[in-house]
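Asker: This is the structure I have questions about; it appears just below.
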Amino acid sequence: MHIAQEETKFGLFKTELDEVLHDPEYTNLTHVSCKGLMGMASNTEDIDQVKKEFDYLSSLYIGWKDKHHFDTLSMGMSGDYLTAIAAGSTLIRVGSKVFSVH
């Protein structure tokens, strides 16, 4: 999902995902299903901005979770994973934390 306030990140907007999830071309697929949402917050030191973006994605997830059988909310990377977990993330990506040498 596109939640970041920057042009370098891409993804669907809420209305676009809603269209996809209700499109007969998608709903008629028997071996393909969307299992959740993924988003990346803005690359900023402003933790309030990041929290706002994660909270927005979390609200979308909660709203669609039962109806579409979602089980994954993927948000948060090495620099903001604690904020993502607090916002409800079920999957984080912490590559640079794992591979950085101190």
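Where a number appears in this text, it was derived from the coordinates with a stated rule and is not lab data. No experiment lies behind these values; they were computed from the predicted model shown.
Asker: Would you calculate a helix-derived [θ] at 222 nm for the chain, using -39,500 (n - 2.57) for each DSSP H run of n ≥ 4 and dividing by the full residue count, to the nearest 500?
Answerer: -13000 deg cm²/dmol
Asker: Working from Cα positions, state the angle (0 to 90°, nearest 10) between the long axis of helix 47-68 and the longest principal axis of the chain.
Answerer: 20 degrees
Asker: I've got another one for you. Among the listed pairs K9/K51; K14/K67; K9/K97, give every one whose C-alpha distance is greater than 19 Å.
Answerer: With Cα atoms farther than 19 Å apart: K9/K97.
Asker: Can I ask one more? Going Cα to Cα from K35, which aspartates and glutamates come in below 12 Å? Please leave out same-chain ones fewer than 8 positions away.
Answerer: Correct list for K35: D66, D71.
Asker: Using amide H atoms built in the peptide plane, which far-off residues or other-chain residues are under 5 Å from M38 H to H?
Answerer: Sorted by chain and number, the residues that satisfy this are S74.
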